[in-house]
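Working notes, beginning with the structure itself.
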Amino acid sequence: MPKVALIMGSQSDLPTLQPAIKRLRSFEVEVEVRIMSAHRTPDLAANFSKSARENGFDLLIAAAGKAAHLPGVLAAFTTLPVIGVPVKSSFLDGMDSLLSIVQMPPGIPVATVGIDAADNAAILAVQMLALKYPELEPKLKAFKAEMEAKVLETDQNLQKGANC
Ligand code: RP5
């Protein structure tokens, strides 16, 4: 079974991450949700990342706000792919988190999604996992078809009723 670790820097990040947890479970991906911090629990973060592959994880999703070093620190200690979610912080609207996560030095990439874009992180994770777990592919196709149908329906409703 595909297995992902979803790691956040603080419990205050959890509401932002809930859509990712829901999305991963909807694709029957096992998800271990953890709180650990690059700054407050650096040993825990490093040790978790170092042993993630042998503990059966396929990839890591890491979310943090402010000086958001967690995804990069996790990426430093593993060869697994790391997807970063910048969490919107109270003062700089998440730009601080975004730049902290996306501007990694050469050699240590973090696949960064948009600010608070936890759902996109989960979908990207499933797309990556589908390379190893082909049973995910038809589910991804169905998900895209459902999105398309919803947009077509809203367009048709607009054409029928709206004077814009
Ligand atoms: C980061 O600092 C966390 O990821 C969180 O987004 C932010 C604030 O943390 P708390 O002060 O709410 O614990 O490490």
*asked:* Give the aspartates and glutamates reachable from Lys88 as a straight Cα distance under 13 Å; neighbours fewer than 8 places away on the same chain don't count.
replied: Asp13, Asp96, Asp116
*Go through Val31, Val102, Val73 and list them by solvent-accessible area, largest first, probe radius 1.4 Å.*
Val102, Val73, Val31
*With charges set only on the Cβ (+1 for Lys and Arg, -1 for Asp and Glu), what does the dipole of the chain come to about its Cα centre, in debye to the nearest 20?*
120
*Rounded to the nearest 0.05, what FRET efficiency do Gln18 and Lys160 give with R0 = 35 Å and r taken as the Cβ-Cβ distance? Could you check?*
0.50
_Accessible area (Å², per residue) of the chain, counting only protein heavy atoms and a probe of 1.4 Å_ = 55
*Sequence neighbours fewer than 8 away in the same chain don't count; with that in mind, list the lysines whose C-alpha is under 29 Å from Lys139.*
Lys3, Lys22, Lys150
*Potential lengthening between Lys141 and Ala67 on full extension [0.36 nm per residue; Cα-Cα distance subtracted]*: 23.0 nm
*In nm, what is the difference between 0.36 nm times the number of residues separating Asn55 and Phe91 and their Cα-Cα distance?*
9.3 nm
*Over the chain: helical MRE at 222 nm, DSSP H runs n ≥ 4 each giving -39500 (n - 2.57), nearest 500*: -14500 deg cm²/dmol
*Please report, as a whole percent, how much of the solvent-accessible surface of region 25-164 comes from carbon and sulfur atoms (probe radius 1.4 Å).*
57
*Which residue, chosen from Phe27, Phe57, Gln156, occupies the Cα position most advanced towards the positive end of the dipole of the chain, where the dipole is computed from +1 (Lys, Arg) and -1 (Asp, Glu) charges on Cβ about the Cα centre?*
Phe57
_Percent of Cα-Cα distances greater than 20 Å, calculated over the chain_ = 52
*Of the options Thr41, Leu74, Ser10, report the single residue whose Cα projects farthest towards the positive end of the charge dipole of the chain (beta-carbon charges: Lys, Arg +1; Asp, Glu -1).*
Thr41
*Per residue, the convex hull volume that the Cα atoms of region 5-79 enclose (Å³)*: 76
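The values are calculated or read from the model by the stated rules, or taken from the named source; none is laboratory data. These figures come from a predicted structure and were not determined experimentally. Positions of Cβ are backbone-derived with ideal geometry, glycine not excepted, and every protein chain shown enters the neighbour counts. Heads up: the accessible areas ignore ligands, DNA and RNA and are worked out on the full protein's heavy atoms, side chains in. Shrake-Rupley method; radii C 1.70, N 1.55, O 1.52, S 1.80 Å.
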